[in-house]
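Visitor: To start, I am sharing the structure in question, which I have written as structure tokens.
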Amino acid sequence: MFKFLTSIQPLLIYSPKISSRLKYITDVLFKNVSGIDCRVEDDIELFKQYTGPKLNYSDVAIEHSIQIIPHTILFDYGVKDYLIEIHSNDVYEKYFFKNNKGNLPFDLLGASFWLISRYEEYLPFKANKYNMFDYRSSLAWQNNFIEKPLVNIWLLELQKLIKKQFPQVEFKKQTFQYVPTIDIDNVYKYKHKGFVRTLAGFINSILKGNFPEIKNRINTVFFSKQDEYDCYHYLIEINKKYKKSAIYFFLLGDYGINDKNHSASNLKFQQLIKHLADYAQTGIHPSFASNFKQQQLKIEIVRLSNITHKEVINSRQHYGMLQFPNTYQSLIGGGILNDYSLGYSQVIGYRASICSSYKWYVIGEETVTNLTLNPYCINDVALKKASKNNEDLMKEIVTKHIKWYKDFGGKLISVFHNDILGNTTEGLIWRRFYEHCLEASKDEGSCNGLNASQ
């Protein structure tokens with residue numbers, strides 16, 4: 001829930017044209033992220049007479065207001081391939097949609113919309129092996145700002161301008177939160193897989209001559225050795241210690257090449273889901289196959305709901321299978337209200353250049369939905385790749401991003417998999433790092449940005 005500390009009068013925004021895109025981006029930036037009420041107005045005389053804080057979004061110079069010269073993007077419809085030129089700047093880091101007039105050197109509102117709507121993912125792009133958007137195709141990666149929440153940086157500078165001209169304005173951002181999330185793609189490495197899969201696993205180990213694995217399988221399946229992927233008691237206890245409620249995403253699709261999970265009808269698996277649901281939130285981890293069958297997604301959501309006896313409202317895509325606008329339209333059709341897929345699995349960074357949650361806007365339909373997008377930045381796959389399991393480097397990377405989130409009052413969402421936190425030598429390294437994330441993020445609510453102390 002967003003908290004507001006409203007100024008005596010709302011921020012009045014003048015534009016000769018009012019569009020759904022303009023109303024959307026001003027709501028996200030000012031109402032949601034900055035915590036200040038705002039209103040868009042097309043009556044220039046009323047705007048001139050207004051005595052409260054004013055933002056002039058037009059080509060016409062108006063006294064006693066902050067002026068931003070508009071690009072056409074917020075007044076266009078559908079998708080257009082705009083010329084994007086990136087400029088470096090000491091204050092705004094990087095920006096585009098440049099202009100030579102007004103109080104800002106670029107259209108901050110239009111550029112923010114382009115980034116958080118994921119406009120570039122509606123355009124032709126070079127896909128990865130799963131035919132999804134590749135991070136190397138992104139403007140952010142190509143121009144070296146993928147590791148910065150650029151929209152939040154821009155907005156803080158705009159807030160300073162507004163505050164300087166209208167000292168009565170008080171901003172109240174979202175408070176900083178840390179939400180650890182766990183993807184459970186394969187709930188156990190050896191246990192409870194059924195006779196056929198267990199036998200196949202033994203045969204595969206024998207053919208490879210992997211005798212340590214054969215011994216491990218025997219001790220786990222037939223004796224009392226704890227399964228390598230069974231980190232659930234640890235997670236419950238460590239999250240309880242730091243008073244964090246994690247979100248567990250369960251893969252409940254049918255078995256396939258890219259969905260090698262336990263059967264949703266497996267009673268041990270169901271018992272675990274119910275047990276974890278007593279301590280934390282749960283969500284669906286839509287199978288790879290569900291991306292090609294809308295009905296399959298609904299079946300998986302129903303499976304989780306039947307197990308937990310709760311409405312399923314949280315989701316994160318398996319394999320990062322996120323395609324605009326199809327994926328989100330399917331999730332909305334399945335009753336999902338909160339999605340946690342907006343990030344890159346292969347690189348640390350901000351896919352939408354923002355560290356705040358916001359409602360999804362559908363380009364083409366030009367409508368705002370009830371689906372909340374919760375961007376993630378930190379994930380174990382990309383972190384492992386970047387750090388090569390070096391604990392000090394892992395901590396250095398995550399500490400930098402925790403600072404960003406604390407500065408801007410964002411919701412820091414980390415992505416871990418149960419197998420990486422397992423009962424292995426490597427798993428112990430990752431458990432220490434997981435606890436470091438909990439420790440470094442424990443002072444939730446702190447915010448170092450503008451008016452943070454108010």
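Visitor: Quick one: count up the residues across the range 275-295 that are in a helix (DSSP H, G or I) and surrounded by 18 or more Cβ atoms within 10 Å (Cβ to Cβ).
Guide: Residues of the range 275-295 in a helix (DSSP H, G or I): 275-277, 289-292, 294-295.
Still in the running and surrounded by 18 or more Cβ atoms within 10 Å (Cβ to Cβ): 276, 289-291.
Adding up the residues that qualify gives 4.
Visitor: Does K31 fit the bill of being among the basic types (K, R) and touching a Cys at 6+ places or on another chain (Cβ under 7 Å)? Working first, answer last.
Guide: Working: among the basic types (K, R): yes; touching a Cys at 6+ places or on another chain (Cβ under 7 Å): yes.
Yes.
Visitor: Sticking with this structure for a sec: I'm trying to understand the selection: among the residues of the range 25-52, which are over 24 Å from D407 (Cα atoms) and of a type outside the set (D, E, K, R)? Show your work before the answer.
Guide: First, pick out the residues of the range 25-52 that are over 24 Å from D407 (Cα atoms): 39-52.
If the condition is that a residue be over 24 Å from D407 (Cα atoms) and of a type outside the set (D, E, K, R), then V40, I44, L46, F47, Q49, Y50, T51, G52 are the ones that fit.
Visitor: Sticking with this structure for a sec: L155 - would you say it is free of Cβ contacts under 8 Å to residues at least 60 places away in the same chain, closer than 27 Å to K406 by Cα and either buried (at least 17 other Cβ atoms within 10 Å of the Cβ) or not assigned by TED's automatic domain parsing to the domain that holds A61 (or both)? Spell out how you get there, then give the answer.
Guide: On the way: free of Cβ contacts under 8 Å to residues at least 60 places away in the same chain: no; closer than 27 Å to K406 by Cα: yes; either buried (at least 17 other Cβ atoms within 10 Å of the Cβ) or not assigned by TED's automatic domain parsing to the domain that holds A61 (or both): yes.
Criteria not met by L155.
Visitor: I would also like to ask the following. Any residue in the range 141-148 that is among the aliphatic types (A, V, I, L, M), touching a Gly at 6+ places or on another chain (Cβ under 7 Å) and either in the same structural domain as K359 (by TED's automatic domain parsing) or surrounded by 17 or more Cβ atoms within 10 Å (Cβ to Cβ) (or both)?
Guide: Taking the range 141-148 as the starting set, the residues that turn out to be among the aliphatic types (A, V, I, L, M) are 146.
With the extra rule that they be touching a Gly at 6+ places or on another chain (Cβ under 7 Å), the set shrinks to 146.
Checking which are either in the same structural domain as K359 (by TED's automatic domain parsing) or surrounded by 17 or more Cβ atoms within 10 Å (Cβ to Cβ) (or both) leaves us with 146.
Looking through the range 141-148, at least one residue is among the aliphatic types (A, V, I, L, M), touching a Gly at 6+ places or on another chain (Cβ under 7 Å) and either in the same structural domain as K359 (by TED's automatic domain parsing) or surrounded by 17 or more Cβ atoms within 10 Å (Cβ to Cβ) (or both).
Visitor: Quickly run through the range 44-90 and pick out the residues that are farther than 26 Å from Q142 by Cα, among the β-branched types (V, I, T) and not in a loop (DSSP other than H, G, I, E, B).
Guide: If the condition is that a residue be farther than 26 Å from Q142 by Cα, among the β-branched types (V, I, T) and not in a loop (DSSP other than H, G, I, E, B), then I44, I66 are the ones that fit.
Visitor: Determine whether the range 20-34 contains at least one residue that is at negative phi and outside any helix (DSSP H, G or I). Lay out the reasoning, then the answer.
Guide: Step one: filter the range 20-34 for residues at negative phi, giving 20-34.
From the residues that got through so far, the ones that are outside any helix (DSSP H, G or I) too are none.
No, the range 20-34 contains no residue that is at negative phi and outside any helix (DSSP H, G or I).
Visitor: Which of the residues spanning the range 279-304 are polar (S, T, N, Q) and within 20 Å of Q329 (Cα to Cα)? Quick ask: steps written out before the conclusion?
Guide: First, pick out the residues of the range 279-304 that are polar (S, T, N, Q): 281-282, 287, 290-291, 294-296.
Those that are polar (S, T, N, Q) and within 20 Å of Q329 (Cα to Cα): S287, S290, N291, Q294, Q295, Q296.
Visitor: Among the residues of the range 163-193, write down those that are within 30 Å of L267 (Cβ to Cβ), polar (S, T, N, Q) and modelled with pLDDT of 95 or more. Even if it seems obvious, please write down each step before you answer.
Guide: We begin by selecting, within the range 163-193, every residue within 30 Å of L267 (Cβ to Cβ); these are 179-193.
Filter once more, so that each one left must be polar (S, T, N, Q): 181, 186.
Passing the criteria: only T181.
Visitor: Inspect the range 326-342 for any residue being modelled with pLDDT under 95 and either of a type in the set (S, T, Y) or part of a loop (DSSP other than H, G, I, E, B) (or both) and give the result as yes or no.
Guide: No, the range 326-342 contains no residue that is modelled with pLDDT under 95 and either of a type in the set (S, T, Y) or part of a loop (DSSP other than H, G, I, E, B) (or both).
Visitor: May I pose another question? Return yes or no: is K98 out of contact with any Gly (no Cβ under 9 Å at 6 or more places or on another chain) and either free of Cβ contacts under 8 Å to residues at least 12 places away in the same chain or surrounded by 22 or more Cβ atoms within 10 Å (Cβ to Cβ) (or both)? Give the steps one after another, and end with the answer.
Guide: Values: out of contact with any Gly (no Cβ under 9 Å at 6 or more places or on another chain): yes; either free of Cβ contacts under 8 Å to residues at least 12 places away in the same chain or surrounded by 22 or more Cβ atoms within 10 Å (Cβ to Cβ) (or both): no.
In short, no.
Visitor: Can you tell me how many residues in the range 93-106 are assigned to a loop (DSSP other than H, G, I, E, B), farther than 21 Å from R21 by Cβ and at pLDDT 95 or above? Outline the logic, then answer.
Guide: Narrowing the range 93-106 to residues assigned to a loop (DSSP other than H, G, I, E, B): 96-97, 99-105.
Imposing the further condition that a residue be farther than 21 Å from R21 by Cβ reduces the set to 100-101, 103, 105.
Retained after the next criterion (residues that are at pLDDT 95 or above): 103, 105.
Total satisfying the criteria: 2.
Visitor: Filter the range 244-270 down to the residues that are among the aliphatic types (A, V, I, L, M) and either touching a residue at least 40 places away in the same chain (Cβ under 8 Å) or part of a loop (DSSP other than H, G, I, E, B) (or both) and list them by number. Break it down stepwise before answering.
Guide: Pass one, the range 244-270, residues among the aliphatic types (A, V, I, L, M): 246-247, 251-252, 257, 264, 267.
Within the range 244-270, A246, I247, L251, L252, I257, A264 meet the criteria.
Visitor: Which one of these does R39 not meet: (1) in contact with a helix residue (DSSP H, G or I) (Cβ under 7 Å, 6 or more places away or on another chain); (2) part of a strand (DSSP E or B); (3) not acidic (D, E)?
Guide: Of (1) in contact with a helix residue (DSSP H, G or I) (Cβ under 7 Å, 6 or more places away or on another chain); (2) part of a strand (DSSP E or B); (3) not acidic (D, E), only one is false for R39: (1).
Visitor: Of the residues K160, K208, which is more than 29 Å from A264 (Cβ to Cβ), surrounded by fewer than 15 Cβ atoms within 10 Å (Cβ to Cβ) and modelled with pLDDT of 85 or more? Let's see the steps before the verdict.
Guide: Working: K208 fails: modelled with pLDDT of 85 or more.
Of the residues listed, the single one that is more than 29 Å from A264 (Cβ to Cβ), surrounded by fewer than 15 Cβ atoms within 10 Å (Cβ to Cβ) and modelled with pLDDT of 85 or more is K160.
Visitor: So, in the range 353-376, how many residues would count as being under 19 Å from N143 (Cα atoms) and surrounded by fewer than 22 Cβ atoms within 10 Å (Cβ to Cβ)? I'd like the intermediate steps shown before the answer.
Guide: Within the range 353-376, the first condition is being under 19 Å from N143 (Cα atoms), and the residues that meet it are 353-355.
Subset that is surrounded by fewer than 22 Cβ atoms within 10 Å (Cβ to Cβ): none.
Residues that pass the stated criteria total 0.
Visitor: Contact list please: Cβ distance under 6 Å, first residue in the range 61-72 and β-branched (V, I, T), second residue assigned to a strand (DSSP E or B), pairs at least six apart or on different chains.
Guide: That search, which allows pairs on different chains as well, returns I62/N56; I66/L55.
Visitor: Is there a residue being in the same structural domain as L161 (by TED's automatic domain parsing), farther than 29 Å from Q142 by Cβ and not small (G, A, S) anywhere in the range 91-102?
Guide: Of the residues in the range 91-102, the ones in the same structural domain as L161 (by TED's automatic domain parsing) are 91-102.
Adding the requirement that they be farther than 29 Å from Q142 by Cβ leaves none.
No; the residues of the range 91-102 include none that is in the same structural domain as L161 (by TED's automatic domain parsing), farther than 29 Å from Q142 by Cβ and not small (G, A, S).
Visitor: For the range 39-56, which positions are surrounded by 14 or more Cβ atoms within 10 Å (Cβ to Cβ), touching a Ser or Thr at 6+ places or on another chain (Cβ under 7 Å) and farther than 22 Å from K164 by Cβ?
Guide: V40
Visitor: Identify all residues within the range 144-169 that are closer than 29 Å to R351 by Cα and either assigned to a loop (DSSP other than H, G, I, E, B) or in contact with a Lys or Arg (Cβ under 7 Å, 6 or more places away or on another chain) (or both); write none if there are none.
Guide: The answer is N144, F145, I146, E147, K148, P149, L150.
Visitor: Output the residues belonging to the range 107-142 that are part of a loop (DSSP other than H, G, I, E, B) and under 16 Å from I354 (Cβ atoms). Even if it seems obvious, please write down each step before you answer.
Guide: First, pick out the residues of the range 107-142 that are part of a loop (DSSP other than H, G, I, E, B): 107, 117-118, 123-126, 128-132, 134, 138.
Those that are part of a loop (DSSP other than H, G, I, E, B) and under 16 Å from I354 (Cβ atoms): S117, R118, S138.
Visitor: Give the residues of the range 241-274 that are surrounded by fewer than 18 Cβ atoms within 10 Å (Cβ to Cβ) and either of a type in the set (A, V, I, L, M, F, W, C) or under 26 Å from the mean Cα position of the chain (by Cα) (or both), sorted by residue number.
Guide: K241, Y242, K243, S245, I257, N258, K260, L267, K274
The values are calculated or read from the model by the stated rules, or taken from the named source; none is laboratory data. Here the structure is a predicted model, which means the values were calculated and not measured. Methodologically, a virtual Cβ is constructed for each residue, glycine included, from the backbone with ideal geometry; neighbour enumeration extends over all protein chains shown.
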